[in-house]
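To start, the structure itself, in structure tokens.
Just so it is clear, none of the values below were taken in a lab; they were calculated from the coordinates. A quick note: this is a predicted structure, and the numbers were derived from the prediction, not measured.
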Amino acid sequence: MNPDDAKFCMNCGSPFPKKRRLLPIIIGVVIAIAIIASVPIVLAIMNSSPVVLSASTVQSTLGGKWSVVTNETYIAKYPVKQITIEYANGTNVTVPYPHQIKTYIHEVLVGKVNSTNVTIIVKVIIYTSNITMFHHMLGFGFQFNNNQFYTDITTYDGYNIFYVSSTFPYPHTFVTAVKGNELIQIKISGYSASLQQVESLISDIS
């Protein structure tokens, strides 16, 4: 081999082994970044649960002893459907057509407070867009109460809240909370919860 040719090969060929050594490193960095970026998504999927209020949380707020009724607690997920638009020229276009509701959570808890059986039903509905139908109704505050009935319309932590608590014909509480595209409903049978207790439950859910 001509010495000049050998010199040429050494000058021109030397970068290729370096590129071969760098390629696995670059691929490894890309894979590592992809894994790190996907961790929050994976965790969100793993942590997807219809149990929005734990028994211990309710116990710390209302007292007594509680448990989640697992065979009545569920989450319904509404996938985005698609519609196909067919043009007269033969072109077809597929576009997403979302449901009005994205997710619906239904949780049931049972407990005993001061020797009284109590049931809590929690509903959390996430819509595809902000809820506006309640805003005018909940844009003002009022209170009405007597010895057996108490109601309030107020705001808490960005939620518009409609709260009703009564001891007639038995102790019970009902609350609706709206913020953005989220609707929370809590129905308590057998216990008259205070507004502060309800707000604490809403805070734990959100």
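A few comments on the model shown:
- For the residue pairs K81/K187; K77/K112; K65/K123; K65/K102; K81/K179, alpha carbon separations beyond 28 Å are given by K81/K187; K77/K112; K65/K102.
- Here the gap between S206 and I75, fully extended at 0.36 nm per residue and compared with their Cα-Cα distance, gives a gain of 45.6 nm.
- With the convex hull constructed from alpha-carbon coordinates only, the stretch 50-205 shows a mean projected area of 11.9 nm² over all directions.
- Added length on full extension, which subtracts the Cα-Cα distance from 0.36 nm per residue, T103 to N89: 1.3 nm
- The slack in the chain from S56 to Q196, taken as 0.36 nm per residue of separation less the alpha-carbon distance, amounts to 48.6 nm.
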